[in-house]
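One structure below.
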Amino acid sequence: MNAPTRGAWLRAGISRNGGPLRETEQVVWLQIDAYYADSRGFAGITTYDGADVRFHHAVGEPGEDVGTLQQDGDRLIETGTNQDGSTFREVWTPLVDSDEECGSWRVDEAQTVRVGTHVVHVDPSGGHYFELPPDAELPSQVTA
């Protein structure tokens, strides 16, 4: 499955190397078109090669996440292998989204992605998740 072209997701848990599913922090992933931001402190562009989804880190924590996505009801299951050979399984649940404006903005070493009322901003200090009031007005154009 390719990455969704629009979505706001809350991680329900992560399993490492086949261990139990656990969650110790609030992790939010926002996706609009090819642009994404992750509240753990990285953002960039998502690509799909027909088998693997790649999250290229262009801002924040360097790296690249490679995995597969499977739909499980309204949840997404992401599985993959880290650069050190360890494996992971992440379960993502959808955040309530609306048909409100969305977009991605990148300036120097910062990228912000908005999906409806959900915003993730990533800069050298890390990732930050915000939920806007429903009537908040922000630009909606996508830029690179």
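Key figures for this structure:
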| read-out | value |
| --- | --- |
| Meets criteria (farther than 18 Å from residue 20 by Cα and loosely packed, with under 12 Cβ neighbours inside 10 Å) for residue 96 | yes |
| Filter result (under 15 Å from residue 72 (Cβ atoms), part of a strand (DSSP E or B) and modelled with pLDDT under 95) within the range 1-25 | 7 |
| Unmet requirement for residue 37, which otherwise passes all of (1) within 23 Å of residue 105 (Cα to Cα); (2) modelled with pLDDT under 95 | (2) |
| Residue among 100, 23, 78 that alone is farther than 27 Å from residue 133 by Cβ, in contact with a strand residue (DSSP E or B) (Cβ under 9 Å, 6 or more places away or on another chain) and among the acidic types (Asp, Glu) | 78 |
| Qualifying residue in the range 111-130 (condition: open to solvent by less than 20 Å² (accessible area, probe 1.4 Å), of a type in the set (Lys, Arg) and assigned to a strand (DSSP E or B)) | yes |
| Contacts under 6 angstrom Cβ, first residue in the range 74-97 being touching a residue at least 40 places away in the same chain (Cβ under 8 Å), partner among the polar types (S, T, N, Q) and open to solvent by less than 20 Å² (accessible area, probe 1.4 Å), 6 or more apart | 89/15 |
| Some residue of the range 30-50 being over 16 Å from residue 122 (Cα atoms), hydrophobic (A, V, I, L, M, F, W, C) and open to solvent by less than 10 Å² (accessible area, probe 1.4 Å) | no |
| Sole exception among (1) without any contact (Cβ under 8 Å) to a residue 40 or more places away in the chain; (2) over 15 Å from the mean Cα position of the chain (by Cα) for residue 66, by number | (2) |
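The values are calculated or read from the model by the stated rules, or taken from the named source; none is laboratory data. Just so it is clear, the structure is predicted and the values come from calculations on it, not from any experiment. Using ideal geometry, Cβ is built from the backbone for each residue, glycine included, and neighbour counts are taken over all protein chains shown. Accessible surface is based on the protein model in full, side chains and every heavy atom, while ligands, DNA and RNA are left aside. Shrake-Rupley method; radii C 1.70, N 1.55, O 1.52, S 1.80 Å.
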